[in-house]
Amino acid sequence: MDRLRILASPNDSRRITRRSLLAGFAVAGAGLALSGCSRGGVPSPAPDGKIEDQLNIYSWGDYDDPDNLAEFGRRGVTLQVDNFGSNEELVAKLGAARGTSGYDIVVPTGSYVPMMARAGLLEQLDHTYLPNLSNVEPPYLHQPWDRTNTYAVCKNWGTTGFVYDTHVIGRELTSWNDFLDAAQKEARGKTTVLEDPWEVCAIFFAANGIDLNTTDERHLDACEQFMVGKIAPTISAFVSQVSSQLAQRQFALMQAFNGDVRLALLEDDDPDRWRFVFPTPTANLWMDTWAIAKGAQHPDAAYAFINYMLEPKVGMKEMEHIGYPTGLIGQRELAAQNEVPMLDLIYPTQATLDRLTPSEVTDATGRLVKIFNRMQAGAVT
């Protein structure tokens with residue numbers, strides 16, 4: 001029996017990856033209004049360890065190793081994996097369903113967890129059924145948005161930086177100030193930024209020593225004036241996947257996610273031509289999470305699956321497939337032993353990690369979207 005079915009988002013039938021449409025619905029509107037949702041309790045996991053024969057997962061596209069999914073399916077569980085393209089799409093789906101979405105496991109980015117928890121979209125986790133939570137490294141537990149891991153646990157994490165073509169830009173770039181300068185000079189008309197309002201505006205904030213999650217209107221005004229007036233005319237595309245862009249040699253400077261750049265360089269016929277930068281002074285430290293949807297009808301299977309994904313060997317296969325760490329103890333050392341290529345692009349140094357800033361969903365989200373939309377209108381695309 002086929003126990004694995006994967007469906008793309010109905011809004012995007014092409015192959016999508018984890019961070020290919022981060023802006024998603026947020027770009028079309030200023031935010032989401034959520035009323036209180038049904039809080040009917042999810043059935044408690046079976047004390048005898050038996051699990052249901054069905055598990056419905058709502059996740060980002062191509063964000064799990066198919067072999068891992070198939071292996072879990074051999075436990076007698078039929079998995080259906082549907083894909084969404086943005087956190088906003090996920091929230092809208094669960095919010096409209098009010099506990100009847102049919103999904104058991106969802107994969108929100110950590111910064112969205114508080115909003116989803118307040119809206120009653122997530123079940124509280126019973127750690128009794130997640131013994132492998134002890135395999136997660138302490139830095140990836142107890143995040144500011146879920147201090148006690150009441151609603152979510154780490155699935156994958158990564159950061160944002162940029163990659164540039166050394167054949168076009170002969171000098172060394174190390175900071176977001178360098179990025180903005182090169183965009184207006186050597187890479188003018190050959191620069192891309194991510195499809196994400198927060199990430200794009202964070203370039204300006206970081207370059208000017210401003211909190212990346214600022215809600216200060218003066219900071220937002222300055223960001224809009226500079227990014228729309230100075231940077232938008234240098235932008236030739238808003239893209240979140242760099243693989244095809246590197247291969248075509250069309251662009252010289254690209255804001256990008258570390259794991260995506262690594263996968264692109266592994267496929268490039270001249271990877272030494274490109275240089276990826278973990279820029280100073282700071283950048284986003286994002287984390288995607290495993291969570292159980294409110295009203296999940298297969299809680300035993302959901303807990304068993306999350307616990308399975310926290311096994312070291314399973315986590316290792318996940319990292320190798322999607323290019324991002326899973327936060328498990330000893331994973332970096334095991335990856336080094338296995339001679340995983342370009343490991344430095346998967347794991348930033350501790351000094352880099354110490355200066356990163358987790359993104360937050362704030363009252364300024366709507367304003368960031370407006371700035372982003374104005375940039376798109378003023379770009380040279």
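The values are calculated or read from the model by the stated rules, or taken from the named source; none is laboratory data. Computed from a prediction, not measured in an experiment: that's the story for all the values here. Positions of Cβ are backbone-derived with ideal geometry, glycine not excepted, and every protein chain shown enters the neighbour counts.
With the structure loaded, tell me whether Gly170 is in contact (Cβ under 8 Å) with a residue 40 or more places away in the chain and over 17 Å from Ala283 (Cβ atoms) or whether it fails that test. Spelling it out, it is not the case that Gly170 is in contact (Cβ under 8 Å) with a residue 40 or more places away in the chain and over 17 Å from Ala283 (Cβ atoms).
Here's the yes/no breakdown for (1) surrounded by 18 or more Cβ atoms within 10 Å (Cβ to Cβ); (2) outside the structural domain of Val361 (by the TED database):
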residue	(1), (2)
Tyr129	yes, yes
Tyr164	yes, no
Glu186	yes, no
Arg218	no, no
Cys223	yes, no
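Screening the stretch 52-78 for residues that are in contact with a Gly (Cβ under 8 Å, 6 or more places away or on another chain) and part of a loop (DSSP other than H, G, I, E, B) and picking the one that is farthest from Thr109 (Cα to Cα) gives Asp53.
Considering (1) in contact with a strand residue (DSSP E or B) (Cβ under 9 Å, 6 or more places away or on another chain); (2) more than 30 Å from Ala97 (Cβ to Cβ); (3) surrounded by fewer than 24 Cβ atoms within 10 Å (Cβ to Cβ), the lone condition that Lys313 does not fulfil carries the number (1). Here Ala232 does not fit the description of being in a helix (DSSP H, G or I), surrounded by 21 or more Cβ atoms within 10 Å (Cβ to Cβ), in contact with a strand residue (DSSP E or B) (Cβ under 9 Å, 6 or more places away or on another chain) and at pLDDT 95 or above.
A quick yes/no check of all residues on (1) more than 19 Å from Gln241 (Cα to Cα); (2) under 22 Å from the mean Cα position of the chain (by Cα); (3) β-branched (Val, Ile, Thr):
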site	(1), (2), (3)
Gly161	no, yes, no
Thr166	yes, no, yes
Ile169	yes, no, yes
Asp178	yes, no, no
Arg188	yes, no, no
Val193	no, yes, yes
Ala202	no, yes, no
Ala206	yes, yes, no
Val228	yes, no, yes
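Filtered by the rule that a residue be modelled with pLDDT of 95 or more and at positive phi, the stretch 52-92 gives a lone residue, Gly76. Can Leu180 be described as buried (at least 16 other Cβ atoms within 10 Å of the Cβ), modelled with pLDDT under 95 and not assigned by the TED database to the domain that holds Asn87? The answer is no for Leu180.
Among the helices (runs of 4 or more DSSP H) lying completely within the stretch 274-381, list those that include at least 1 residues that are more than 20 Å from Ser59 (Cα to Cα) and more than 21 Å from the chain's Cα centre (by Cα).
Details: elements: 299-309, 312-322, 331-337, 343-346, 350-354, 365-378.
Passing ranges, in order: 312-322, 331-337, 350-354, 365-378.
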